[in-house]
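Laboratory data are not the source of any read-out in this text; all were calculated from the coordinates shown. What you see is a predicted model, and the numbers here were worked out from it, not measured in a lab. Don't worry about glycine lacking a Cβ; one is built from the backbone with ideal geometry, like all the others, and counts go over all protein chains shown.
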Amino acid sequence: MVYVSRKEHFNAAHKLYNPAWSKEKNAEVFGPCANENWHGHNFELITTVKGKPDPDTGFVVDLKKLSVLIRQEIIERVDHKNLNVDVDFMKGKLASTENLVIEMWKILEPKIASISKYGTLHSLKLYETPRNYVEYFGE
């Protein structure tokens, strides 16, 4: 099995806030991430496709096609946006990095087959900061 990864970057704002809780409880649980006026991150999304290389090309997935897919389906929808307000697939969801990566998986996973007959989506790794990231395997 070969694992091929592509990294893409986007900037976005959000706040962590549970509307069922008081302002005080949100501040207690989420700290400055519950700031009424939002806060931003320079996100890095690493998409990994696994599979066996295509005997005709030697590719598990064409990285240019993977990049175009990620940019069209994800980056254009989240870059320089407010995740809580502007992003359709995050409506009604707490805008945590964990929930964000799960929703991204739901979008990308079925579309990988359209660009690779030998690869499947293996994982998404989403860096919120250089030291904080989540990784999702579709489980």
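Things to note:
- Residues of the range 64-104 that are farther than 21 Å from residue 48 by Cβ, in contact with a Leu (Cβ under 6 Å, 6 or more places away or on another chain) and in a helix (DSSP H, G or I): 90 alone.
- Close pairs (6 angstrom Cβ cut-off, 6 or more residues apart or separate chains): touching a residue at least 24 places away in the same chain (Cβ under 8 Å) in the range 1-26, small (Gly, Ala, Ser) and surrounded by fewer than 18 Cβ atoms within 10 Å (Cβ to Cβ) anywhere: 6/67; 13/40
- Any hit, the range 77-85, residues being in contact with a helix residue (DSSP H, G or I) (Cβ under 8 Å, 6 or more places away or on another chain), of a type in the set (Lys, Arg) and closer than 20 Å to residue 124 by Cα: yes
- Residue that is surrounded by the most Cβ atoms within 10 Å (Cβ to Cβ) [pool: residues in the range 8-50 that are among the basic types (Lys, Arg) and more than 18 Å from residue 98 (Cα to Cα)]: 50
- Residues in the range 87-104 that are hydrophobic (A, V, I, L, M, F, W, C), surrounded by fewer than 19 Cβ atoms within 10 Å (Cβ to Cβ) and in contact with a strand residue (DSSP E or B) (Cβ under 9 Å, 6 or more places away or on another chain): 102 alone.
- Any chance residue 109 is out of contact with any helix residue (DSSP H, G or I) (no Cβ under 7 Å at 6 or more places or on another chain) and either hydrophobic (A, V, I, L, M, F, W, C) or assigned to a helix (DSSP H, G or I) (or both): yes
- Qualifying residue in the range 85-102 (condition: hydroxyl-bearing (Ser, Thr, Tyr), closer than 23 Å to residue 11 by Cβ and in contact (Cβ under 8 Å) with a residue 60 or more places away in the chain): yes
- Residues that are farther than 27 Å from residue 111 by Cβ and free of Cβ contacts under 8 Å to residues at least 12 places away in the same chain, drawn from the range 38-69: none
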